[in-house]
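Data first, discussion second: the structure below is written as structure tokens.
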Amino acid sequence: MATAIGLGLPDGPAPTLAPRRKTRQLMVGNVGVGSDHQVSVQSMTNTKTHDINSTLQQIAQLTTAGCDMVRVAVPKPIDAEALPAIAKKSPIPVIADIHFQPKYIFAAIDAGCAAVRVNPGNIKEFDGRVGEVAKAAGEAGIPIRIGVNGGSLDKRILEKYHGKATPEALVESALWEASLFEEHGYGDIAISVKHSDPVLMVQAYRLLAEQCDYPLHLGVTEAGTKFAGTIKSTAAFSALLSQGIGDTIRVSLSADPVEEIKVGDQMLQALNLRDRGFEIVSCPSCGRAQVDVYKLADEVTAAFEGMDYPLRVAVMGCVVNGPGEARDADLGVASGNGKGQIFVKGEVIKTVPESKIVETLIEEAERIVEEQGLSESGAKAEVKVTR
């Protein structure tokens, strides 16, 4: 266990912006979902599920990045046939993502998947099969996520709302489907009401949170490229998580799924909804800077890649705010005039040439870890460049 040390963070439990919304509790494999558990991060493989080796390889990469649970697509019979092997060998819980064919729901349950995500709006005759699905899922002891999307809303609901996927339409559709499961005595349900418009998405989740106690999975669907999708998702998720709404998240990016996990994990850490691990704080640079802050920050980030100890390292570019910021960190440097003042726990321990800053920071970090008897925190490394 890590020895308690004074990090550049508040002592005791980290403050959050709001208490978590109280929900019923679910278990997705060994991962708890709901207000009694930390907000979890998930992604979805982009491999062909029937390519078992490629799918498991990507799941392994996601797990290493910090993914808590993973969805796999099941569009074809050969994908359903691959589920038993994937569910058995995956290091994290596997959720089967089902569209169009209800028979794949039962195949996923039989295969040992930890949960099933269904989109009622595009599954044939779904309402008439709810009783069967509830019975099968209940007997297997697995939860179901009812996933309603703005782009695939039930036609009956769309007609009622004049063809618009409004927040009210999304919520009504999700709660209607949940009520059908409840009629059959099944309540291990999570809900998502995703939309590609972050504002409509936030409105839908706020409305949904007022009307039920189901755990909520947050997502801005079709969020976009890595940059645009990160911005949209962060804006929407922060608006909800800051009010205690949200129990599991997926940052949907047109990028490597591992990037989704990196963004989601750092977002939760920034909101104190997940334990922080290693963190780099660096200044944005300005006309006062006496060192190439961008280059130095990149070099320090690269040098500390993989560091997984609870340390905060400050990389500052001038003597105005630099010393103060560096003093608040466990380890830091305030640079100027071709030199760097190295701080440890607020004290200047040495001044080194600019060319020696990176290696000195590494040496001091290793020394701190050894002296404090720290063990790896288990949290993912966080690199946060403040602006």
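The residues of region 19-46 that are within 20 Å of ASP265 (Cβ to Cβ) and surrounded by fewer than 16 Cβ atoms within 10 Å (Cβ to Cβ), listed by number, are ASN30, ASN46. Scoring LEU153 on the criteria (1) crowded, with 19+ Cβ neighbours inside 10 Å; (2) within 22 Å of the chain's Cα centre (by Cα) leaves a single failure, condition (2).
Could you tell me whether any residue of region 237-251 is in a loop (DSSP other than H, G, I, E, B) and more than 17 Å from LEU17 (Cα to Cα)? Yes, region 237-251 contains at least one residue that is in a loop (DSSP other than H, G, I, E, B) and more than 17 Å from LEU17 (Cα to Cα).
Could you tell me which residue of region 332-364 is modelled with the highest pLDDT, considering only residues that are crowded, with 24+ Cβ neighbours inside 10 Å and under 24 Å from ASP275 (Cα atoms)? Only one residue tops the list, namely LEU361.
Scan region 191-236 for residues that are farther than 14 Å from THR248 by Cα, open to solvent by less than 10 Å² (accessible area, probe 1.4 Å) and part of a helix (DSSP H, G or I) and jot them down. Those that are farther than 14 Å from THR248 by Cα, open to solvent by less than 10 Å² (accessible area, probe 1.4 Å) and part of a helix (DSSP H, G or I): MET201, ALA204, LEU208, GLY229.
When each of ALA96, ALA60 is tested for being small (Gly, Ala, Ser), part of a strand (DSSP E or B), open to solvent by less than 70 Å² (accessible area, probe 1.4 Å) and at pLDDT 95 or above, the lone residue that passes is ALA96. Only one of the numbered conditions (1) surrounded by fewer than 23 Cβ atoms within 10 Å (Cβ to Cβ); (2) touching a helix residue (DSSP H, G or I) at 6+ places or on another chain (Cβ under 6 Å); (3) modelled with pLDDT of 95 or more is violated by VAL116, and that is (1).
Just one of the listed residues (ALA87, ALA107) is without any contact (Cβ under 8 Å) to a residue 40 or more places away in the chain and touching a Cys at 6+ places or on another chain (Cβ under 6 Å), and it is ALA87.
Which residue out of VAL293, VAL315, VAL300 is β-branched (Val, Ile, Thr) and at pLDDT below 85?
That would be VAL293, the only listed residue that is β-branched (Val, Ile, Thr) and at pLDDT below 85.
The values are calculated or read from the model by the stated rules, or taken from the named source; none is laboratory data. Not measured: the values here are computed from a predicted model. Methodologically, a virtual Cβ is constructed for each residue, glycine included, from the backbone with ideal geometry; neighbour enumeration extends over all protein chains shown. Quick note on the areas: whole protein, heavy atoms, side chains included, nothing else; ligands and nucleic acids left out. Shrake-Rupley method; radii C 1.70, N 1.55, O 1.52, S 1.80 Å.
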